[in-house]
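The values are calculated or read from the model by the stated rules, or taken from the named source; none is laboratory data. The structure displayed is predicted, hence computed values, not measured ones. Note that each Cβ is placed from the backbone with ideal geometry, even for glycine, and that neighbours are counted across all protein chains shown.
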Amino acid sequence: MAANDNQSFEALTLGLGGEIFAIDANCVLEILDMIPQTEVPGARPFVGALINVRGKVVPLTDLRFKFDMERTPPSIDSRIVVVEIPLNGEPAVIGLLADKVYEVTNIGGASIEDTPDIGMRWRPEFIKGIGKRGNDFIVIPDIVRIFSGD
Amino acid sequence: MNGRSDPAQTFRDESVELLAELETTLLSLEERPDDRDLLDAAFRALHTLKGSGAMFGFEAAAAFTHHLENAFDQVRKGQLALNSSLIGVALASKDHIRALIESPESADKTEGERLLGLVAQQIGTVETASVSKDVKGGPEAGGEVTWRIRFRLAADALERGTKSSLLLDELRSLGTATVVALTEALPPIEEMDPFRCYVAWDVILTTSQPRTVIEDVFIFVLDDTDLTIEPVDPQSERIGEILVARGEIDGEQVNAVAAEQPKIGQLLVKSGNISEERLHSALAEQKHIRAESEQAKTANSIRVPAERLDDLMDQVGELVIAHARLKQLVSASQDLQIKSVTEEIERLSNSLRDTTMGIRMVPIGSLFSRFRRLVRDLSQELGKDVALTMSGEETELDKTMIERLNDPLIHIIRNSLDHGLEQPQVRQASGKASQGEIHLSARHAGTQVQISIRDDGRGLDRDRIRAKAEQQELIQPGAKISDSELFQLILHPGFSTAAAVTNLSGRGVGMDVVKRAIDSLRGTIDIASTPGAGTVITLGLPLTLAIIDGLLVRVGAGRYVIPLSAVEECVELSQEEDQRNTGRNFLNIRGALVPFIRLRELFGTRDAPAPYPKVVIISTGDRRVGLVVDQVLGDHQTVIKSLSKLHADVENFSGASILGDGTVALIFDIGHLVAFGQSFEAQRDAS
């Protein structure tokens, strides 16, 4: 995605497990309130459910499993961010659970730093970089890799 | 003509003779340039080379020969003088033609162009000189004349390589032609010799070319062809006149019959004076003379882009979902009028669904016939004699499905040819006909289509499959396992018992690919094999990929769809059966033990269990399994949506559907669940 080589990009920022994540706004299709979910028995917990997005059956994913974050029950702020990303060469529509959706904002290339090798709680290959906005750190996850990796 | 040998090779062999003949003729011509017979012989050789070359795919040689033929044609017509330089060019060209036939790719292009230039020079120098002559001897008064040409080729003409279609094409190139084939001499099919020509043709040709040009078309078959060419009176429009003019009948007969009825042609046929076919031909002539611009017949089929059909299917799918929602809302209502409208809509949307799916149905014969060439080529490559037979080609299947069956079927047929069928000597030694057979068949079985690929080869080698499976730790050494389960192992990725990897198969990828392709179509693969007698692979496929009838059930809080075609019956799980929780997961269904799966356990459901669980008995083929559910909710029109790649590892479900209230329900993968249930049985048998 556009965050490569520390270029600035339009990002949607969202809260997840107490952190702020930024995903490329261009791949976001829509943001939904919480809707009924269908559990998929036997699926990996991180893709444990299905939702109906305008007549399409879309997998609902929870990035908190990938980042070993604590899972809090959904609140009034919880949203589902529907994104379209390439998966093994084909576009795939995926729902992402978010504790809260903040805003669409420009993240300047200069403020993005490469992922530090140490001091990270998370698997570094899932992170593209760390951006800074005011006093907050913003995590830029590599969504394509997170979903293609397994 | 021997239909079994390679026609291209036959042509190559023939061309060697023709070229040798051409060479001697040309050399003789150099000595006696005025010898008409020699000239004709040379022209004939060139003409045959061009014609057969084009017929058997030697386009380059045919195109090149065409120019040389033109030159000799002009010599024959006296428009070009035969001199030694032309013969020199012709001899050099002959060598080039040989090169073009033997190896079209490596033939020297510049040499070809140089020779063509020389030929063109020869023609060019004379062309200007012969212009005046051409005009003088040209078309008769420039007007168009309509000719009636009737010809019947010698019975053995086909064997000698005459192609009637070429003659007809040549006639068509002269002007406006109406061609009618006269098939009255055709014998019944059992008496028919496919190498003989039984057909005669009537050609009504309107052309500005003189009669001699028409005669020239038949120049090489003139000796043994029954040919009449006569002008048609442009005034005669009435069918009776035409028939009289053609000598099919005399005038009095026509008048006598015409007096009774205006539909003279029909009556003439009925009265036995002429055959229906002759009348048909005469009618065609009538049409031709009237020059009625016959527009295309009323269209009874149209071509539609596939994506429009896909759109239509999608929309029908949406309609079915919308209807399910309406039905759910209405079920709570007491309003009878709304209820009856809803039922009306249900009927309409069901029939719309069926019609739409019908549009997408294609007979499977179109797929089967693609394999003829494959079998022919492969059997030649492998030195095996194989006959491909088929049945049930008219069985219809969804178009998408047909496309996606192509690759798996190729794999299976290749395997049969390569591993299944033995070499002719081996077959003879074991008392079988030296020609092997591969039989493709298709038939409807309930809501499934079954496609079988049967060969009469050596059959699968149980011991080798078992040894390989044990080596790959797919089964425990010495484990009891049924034949059909054992054969299923060959579908496992990386499993190949072939001792040597051949060009065609044996890399252990083939059957794995087949399995995945069939799985993605929600189909099943059944393998049966008898040592020494052959193997049958049967693919069971759903009729369509898009919409199915389903049975909606509840397990815990989740709702699931079972394809209705797989459901045999629903029974209650009696309390005592339920209590016998451990050890024995079998149900007594009218004396037969059927294994059952507790879906609550399988799914790890924690909600309170329903007091009276039900068992839905499902089956594929002759294997049955019971699914214990909390509640049976009813039938559901299921629009199948595939699961995303993120759920590729989920084996129990083949897809998902959207219910009337907008939530998503998962669709059980029957094949997988039955296999899972059967493993209980295997455990029981083993213990």
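Laid out as a table, the results:
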| read-out | value |
| --- | --- |
| Unmet requirement for B:I219, which otherwise passes all of (1) outside any helix (DSSP H, G or I); (2) at pLDDT 80 or above; (3) aliphatic (A, V, I, L, M) | (2) |
| Residue match in the stretch B:544-564 (condition: away from chain A (no Cβ under 13 Å), more than 30 Å from B:L352 (Cα to Cα), at pLDDT below 80 and out of contact with any Lys or Arg (no Cβ under 7 Å at 6 or more places or on another chain)) | no |
| Filter result (surrounded by fewer than 19 Cβ atoms within 10 Å (Cβ to Cβ) and within 10 Å of another protein chain (Cβ to nearest Cβ)) within the stretch A:9-40 | A:I35, A:P36, A:Q37, A:E39 |
| Selected residue [touching a helix residue (DSSP H, G or I) at 6+ places or on another chain (Cβ under 6 Å) and not charged (D, E, K, R)] from A:L87, A:L50 | A:L87 |
| Filtered residue count, the stretch B:606-627, keeping only those that are more than 14 Å from chain A (Cβ to nearest Cβ) and either under 21 Å from A:L60 (Cβ atoms) or not in a loop (DSSP other than H, G, I, E, B) (or both) | 11 |
| Among the candidates B:L374, B:L388, residue that is farther than 21 Å from B:I548 by Cβ and in a strand (DSSP E or B) | B:L388 |
| Meets criteria (modelled with pLDDT under 80, surrounded by 13 or more Cβ atoms within 10 Å (Cβ to Cβ) and in the same structural domain as B:S52 (by TED's automatic domain parsing)) for B:S236 | no |
| In the stretch B:647-663, residue nearest to the other protein chains (Cβ to nearest Cβ) [restricted to those that are among the aliphatic types (A, V, I, L, M) and under 19 Å from B:L329 (Cβ atoms)] | B:I658 |
| Residue within the stretch B:44-51 that is assigned to a helix (DSSP H, G or I), among the charged types (D, E, K, R), buried (at least 20 other Cβ atoms within 10 Å of the Cβ) and without any contact (Cβ under 8 Å) to a residue 60 or more places away in the chain present | yes |
| Conditions (1) more than 40 Å from the chain's Cα centre (by Cα); (2) modelled with pLDDT of 80 or more; number of the one not met by B:T128 | (2) |
| Within the stretch A:52-99, considering residues that are polar (S, T, N, Q) and within 10 Å of another protein chain (Cβ to nearest Cβ), the one surrounded by the most Cβ atoms within 10 Å (Cβ to Cβ) | A:T61 |
| Selection status of B:R303, of a type in the set (K, R), over 23 Å from B:V639 (Cβ atoms) and either modelled with pLDDT of 75 or more or loosely packed, with under 13 Cβ neighbours inside 10 Å (or both) | yes |
| In the stretch B:641-657, residue farthest from the chain's Cα centre (by Cα) [restricted to those that are of a type in the set (A, V, I, L, M, F, W, C) and closer than 22 Å to B:L551 by Cβ] | B:V650 |
| B:S52 vs. criteria of a type in the set (S, T, Y) and either over 43 Å from the mean Cα position of the chain (by Cα) or on the phi > 0 side of the Ramachandran plot (or both) | no |
